[in-house]
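The values are calculated or read from the model by the stated rules, or taken from the named source; none is laboratory data. All figures in this text were calculated on a predicted structure; none of them were measured in a lab. Methodologically, a virtual Cβ is constructed for each residue, glycine included, from the backbone with ideal geometry; neighbour enumeration extends over all protein chains shown. Just the protein is used for accessible areas: all its heavy atoms, side chains included, with ligands, DNA and RNA removed. Shrake-Rupley method; radii C 1.70, N 1.55, O 1.52, S 1.80 Å.
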Amino acid sequence: MFAFVLTTHLRGGAMWIRENWETSQINPAGFADFADPSRLIRCITQNQTETLAVAEEALRSGAVSLVIMQLSQPVGLTEGRRLQLAARDGDATGLAIIPEGMGSNAVETRWRCTPVFDPETGAEDSTLQRWELIKNKSGTLGVWHVRWDTAARRLVMVSPAGK
């Protein structure tokens, strides 16, 4: 959901890159409430090295405003810095979706996004999320509960359950 919300709020298109061994994939119909599926390019690579190379080129090109990478291994300082420079040069944003506990020291921010069960709506609303900013090189940290408003095409801040 975090990636789709970013896609909605950034100008231009987005590219989603994943390795070919990863069997799960996004379905354009599944994120149509967030962004126009025609604005998303899906790319399948052979391995993480190729994923990082494609991401770097896409970020630097300026052809898309957001590059989303599904990664399965840690990103080294050199690779992380190359992605940062490419994003700066292309005026784009890079988002790496990584397993819990893995990451790179080169990143500007690190977020933890988890779904929250809302007893008031039950299973009817799957968009309630808890977003934690757990690393921020240029600011403070924080926690937000958000819900996607499909009609307004925007995030709504909500109070945690019981508060």
Taking amide H positions as placed 1.01 Å from N in the peptide plane, with prolines and chain starts having none, which residues 5 or more places from residue 15, or on another chain, fall under 5 Å of its amide H? 41, 66, 67, 68
Once amide H atoms are placed 1.01 Å from N in the peptide plane, what residues at a sequence separation of 5 or more from residue 72, or on another chain, have their amide H within under 5 Å of its amide H? none
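Given C-alpha coordinates of region 1-59, what is the ratio Rg to Rh with the Kirkwood estimate of Rh?
0.97
Hey, what's region 1-118 come to in accessible area per residue, 1.4 Å probe, Å²? Mind showing how you got there, number by number?
On the way: 6320 Å² over 118 residues.
Per-residue value: 54 Å².
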The helix 77-90 Cα axis meets the longest alpha-carbon principal axis of the chain at an angle in degrees, between 0 and 90 and rounded to 10, of 80
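Gain in length, residue 27 to residue 159, computed as 0.36 nm per residue apart minus the alpha-carbon separation, to one decimal in nm? If you can, show how the numbers build up before the last one.
Details: separation 132, 0.36 × 132 = 47.52 nm, distance 3.03 nm.
So the extension gain works out to 44.5 nm.
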Taking Rh as the Kirkwood radius computed over C-alpha pairs, what is the Stokes-Einstein D of the chain at 4 °C in a medium of viscosity 1.567 mPa s, expressed in µm² per second? 77
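Is region 48-141 rounded, prolate or oblate when judged by the Cα gyration tensor, a ≥ b ≥ c being the square roots of its eigenvalues, rounded requiring a/c under 1.5 and prolate requiring a/b larger than b/c? Mind showing how you got there, number by number?
On the way: a/c = 2.08, a/b = 1.86, b/c = 1.12.
Taking the square roots of the gyration eigenvalues as a ≥ b ≥ c, region 48-141 is prolate.
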Just how large is the dipole of the chain about the Cα centre, in debye to the nearest 20, putting +1 at every Lys and Arg Cβ and -1 at every Asp and Glu Cβ? 460
Considering only DSSP beta bridges whose two residues both sit in the chain, what percent are antiparallel, to the nearest 5? 55
I want to check the label-to-label distance for residue 137 and residue 42. Put each point 7 Å from Cα in the C-beta direction and report it in nm to one decimal. 3.2
Sorted by chain and number, the residues with a modelled amide H under 5 Å from that of residue 158, at a separation of 5 or more or across chains, are 145, 146, 147
Go through 45, 96, 16 and say which Cα lies farthest out towards the positive end of the charge dipole of the chain; charges sit on Cβ, +1 for Lys and Arg, -1 for Asp and Glu. 96
